[in-house]
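Peer 1: Please find one structure pasted underneath; my questions will follow.
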Amino acid sequence: MPKPARARRRAKPQPRGDSGVLERLRDHLERLGLKELDKNLDAHLAWAHDHNPSALVLLERVFGDGAQYLRQRRVERRIETCGLRVRKTLEAFDWAFQKNLNRAVIEGLATLGFVDDREDLLLTGKSGTGKSHILQALALRACEREIQVRYARCVDLIDDLYAGLADQTYEARMRRWARAEWLVIDDVGLGQLRRRDDEPTAAHILFNLLDRRHEHAATALTSNIKLGEWGKYLGDATLAAAILDRFAMTSIRIDIDGPSYRDHLAKQRAKDHGIVDDST
């Protein structure tokens, strides 16, 4: 028994006219480098058969679907190559725990207007207070907006540039870090900075990088040490002061004065295992 006409059309939708048009269309898409538009083409044609849209509406639907697919691929590529090891979100941040942090201010930063305006950002506070979580979440937002982001811990960035001194690629590496639309340098003060006696200090390298970016592109840093301790950590008090003069004193500054979330989780895990903390 033959299938009802409507069932036949839904099983294999065909454009009106020449039966070879669909194959020629697919060949055109491939030659134009638009192969991704072919993935949902049958579904679009079935929709068009049922709704009878104008040619302009159908074209917008097909190309809009393809544009969204390409955008998602670009966003994913930016996330994968920006340096983020984990994908933190502001939605996962425990605002109730960090009661002294102004949520409205952080959510205002999440609009990324400061990146558009080439403003710098400095987050300070004790270890475990959520500085890295916030910056990583903002970096993820920036990738989703297709902003070119580079994220690195301070110690890893400096190590990369020291490696450039060793293999004569320092200037090329410096240019790559300097040209990022938004550069995120996490954990100034955490990790040991290593150098040989004949190499410039970390302060010299960091000043050189920030000086190239100053007023040209946005940079963000976090630090779990006091600003007055940067000189000792970076190996040059004078250049560290110059960095702070050039960066910290003119940036958006947020100091998180609160408890350590990592300590909180450790105590919670101990409690879950029946371990009593006599210090509390």
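Peer 1: What angle do you read, to the nearest 10 degrees and between 0 and 90, between the alpha-carbon axis of helix 131-144 and the longest principal axis of the chain?
Peer 2: With both axes taken from Cα atoms, the answer is about 30 degrees.
Peer 1: Moving to a separate point now. Please turn the phi angles of segment 112-122 into ³J(HN,Hα) values with the Karplus equation 6.51 cos²θ - 1.76 cosθ + 1.60 (θ = phi - 60°), one per residue in order, whole Hz, x for glycine and proline.
Peer 2: 6, x, 5, 5, 4, 8, 6, 8, 8, 9, 10
Peer 1: Taking Cα atoms, how many degrees apart are the long axis of helix 202-213 and the longest axis of the chain, rounded to 10 and kept between 0 and 90?
Peer 2: The two axes meet at around 40 degrees.
Peer 1: Which value, in debye to the nearest 20, describes the size of the charge dipole of the chain about its Cα centre when Lys and Arg Cβ atoms bear +1, Asp and Glu Cβ atoms bear -1, and nothing else is charged? Walk me through the numbers on the way to the answer.
Peer 2: Working: 47 positive and 43 negative charges, 289 e Å.
That gives the chain a dipole magnitude of about 1380 debye.
Peer 1: By how many degrees, 0 to 90 and rounded to 10, does the Cα axis of helix 261-272 deviate from the longest principal axis of the chain?
Peer 2: 80 degrees
Peer 1: Taking the structure as given and computing Cα extents along the principal axes in Å, which label from [x] 58, 45, 38; [y] 44, 42, 38; [z] 85, 56, 32 fits?
Peer 2: Checked against the structure: label [z].
Peer 1: Further, regarding this structure: Rank 132, 223, 54 by mean-square fluctuation in a GNM of the chain with C-alpha springs under 10 angstrom and give only the top-ranked residue.
Peer 2: 54
Peer 1: Please list 3J(HN,Hα) in residue order for segment 60-75, calculated via the Karplus relation 6.51 cos²θ - 1.76 cosθ + 1.60 where θ = phi - 60°; whole Hz, with x for glycine and proline.
Peer 2: For segment 60-75, the Karplus curve yields 5, 5, 5, 6, x, 5, x, 5, 5, 4, 5, 4, 4, 5, 5, 4 Hz.
Just so you know, all these numbers are worked out from the coordinates, no wet-lab data involved. Just so we're clear, the structure is a prediction, and the values are computed from it rather than from any experiment. Quick reminder, even Gly has a Cβ in these numbers, built from the backbone with ideal geometry, and neighbours come from all protein chains shown.
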